[in-house]
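Since the structure comes first, as structure tokens, the remarks are kept for the end.
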Amino acid sequence: MDKTNQGRLIVLEGIDGSGKTTQVGLLADKFREMGTACYTTMEPTDSPIGSLIHQIMTGRMHADPKVIAALFVADRLDHLLNEVNGVVHKIKEGVTVIMDRYYFSSYAYQSVDVPIEWLIQANAQSSSILRPAVNIFIDTDPEIAMERITKNRFDQELFEEKTRLIRVREKYLESFERFKDTERVVRIDGNRSQEEVAQDIWKAVQQI
Ligand code: ADP
Ligand code: TYD
């Protein structure tokens with residue numbers, strides 16, 4: 001197939017509460033307004049592998065962090081290669097795909113418990129099968145992200161959650177630095193209104 005007819009993969013990354021889900025929706029609206037076919041999707045997925053991950057993350061099942069990291073890798077490969085609704089197939093059909101999280105999420109979140117070299121190696125299949133045209137990093141202050149997701153609560157768990165988000169943000173920044181020669185990453189200040197963030201994302205997408 002002629003590569004020029006292929007769609008593009010746009011990935012949104014950021015800590016929990018950074019505004020990814022909101023911005024995926026706004027970006028998709030904008031593409032559709034402009035007459036561009038687009039498909040939105042997220043990781044973890046709602047496939048059987050993604051459901052296992054959700055069960056672990058909500059405490060209904062227990063698994064070692066290495067197992068969780070491997071499940072994310074498997075979920076991601078299925079997300080790309082699934083015969084029914086795989087992202088690779090959509091891209092080949094010329095559809096623009098907007099994804100809420102991809103392998104940088106694994107580098108940022110799993111590297112707390114699993115060596116980063118292992119994560120990079122384990123995700124090498126995904127990055128060679130489909131590299132994003134751009135990774136948009138919505139950089140929201142962990143304090144602001146926390147306020148958005150946990151209104152009117154204050155307890156020890158929240159303190160731990162904030163510490164975790166600070167660390168995840170640092171891991172994102174370290175990973176982007178590490179891959180600066182091979183990955184296109186655009187950092188967007190996520191501490192502003194939804195409209196301002198959306199405008200900057202749209203500008204970044206125009207440049208790919
Ligand atoms: P994520 O998918 O990154 O966890 P969401 O898009 O679900 O983030 O946003 C988390 C919460 O913050 C939601 O209640 C959403 O309405 C709100 N929100 C998103 N973006 C902004 C923004 N720029 N300013 C204020 N609130 C926001
Ligand atoms: P989700 O409910 O989708 O949260 P959000 O709207 O903030 O994206 O859960 C995703 C969670 O999974 C989030 O805390 C990050 C985590 N995650 C990883 O730890 N590794 C990964 O590779 C991915 C894709 C997500």
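The values are calculated or read from the model by the stated rules, or taken from the named source; none is laboratory data. Since the structure is predicted, the reported quantities are computational estimates derived from the model, not experimental observations. Cβ atoms come from the backbone with ideal geometry, glycine included; neighbour counts cover every protein chain shown.
Being farther than 13 Å from Phe104 by Cβ and loosely packed, with under 12 Cβ neighbours inside 10 Å is the requirement here; does Thr163 meet it? Spelling it out, Thr163 is indeed farther than 13 Å from Phe104 by Cβ and loosely packed, with under 12 Cβ neighbours inside 10 Å.
Please tell me if Ile136 is touching a strand residue (DSSP E or B) at 6+ places or on another chain (Cβ under 6 Å) and either farther than 15 Å from Ile49 by Cβ or within 16 Å of ligand 1 (Cβ to nearest atom) (or both). For Ile136, the condition - touching a strand residue (DSSP E or B) at 6+ places or on another chain (Cβ under 6 Å) and either farther than 15 Å from Ile49 by Cβ or within 16 Å of ligand 1 (Cβ to nearest atom) (or both) - is met.
The lone criterion from (1) in contact (Cβ under 8 Å) with a residue 60 or more places away in the chain; (2) crowded, with 16+ Cβ neighbours inside 10 Å left unmet by Thr36 is number (2).
Considering every residue within the stretch 30-40, establish whether at least one is away from ligand 2 (no atom under 12 Å from the Cβ), in a strand (DSSP E or B) and not hydrophobic (A, V, I, L, M, F, W, C). Taking every residue of the stretch 30-40 in turn, at least one turns out to be away from ligand 2 (no atom under 12 Å from the Cβ), in a strand (DSSP E or B) and not hydrophobic (A, V, I, L, M, F, W, C). Taking into account only those residues within the stretch 39-68 that are among the small types (Gly, Ala, Ser) and surrounded by fewer than 19 Cβ atoms within 10 Å (Cβ to Cβ), which is farthest from Asp200 (Cα to Cα)? Going through the qualifying residues, I end up with Ala63. Scan the stretch 107-133 for residues that are farther than 20 Å from Asn85 by Cα, hydroxyl-bearing (Ser, Thr, Tyr) and away from ligand 1 (no atom under 16 Å from the Cβ) and jot them down. Listed by number, the residues that qualify are Tyr107, Ser111. Residues in the stretch 69-106 that are among the acidic types (Asp, Glu) and either in contact (Cβ under 8 Å) with a residue 12 or more places away in the chain or crowded, with 21+ Cβ neighbours inside 10 Å (or both): Asp75, Asp78, Glu93, Asp100. Selection within the stretch 87-105: residues that are within 28 Å of Val168 (Cα to Cα) and in a loop (DSSP other than H, G, I, E, B). The member of this set that is nearest to ligand 1 (Cβ to nearest atom) is Arg101. Exactly one residue out of Ile98, Ile91, Ile116 is over 15 Å from the mean Cα position of the chain (by Cα), at pLDDT 95 or above and under 21 Å from Val24 (Cβ atoms): that is Ile91.
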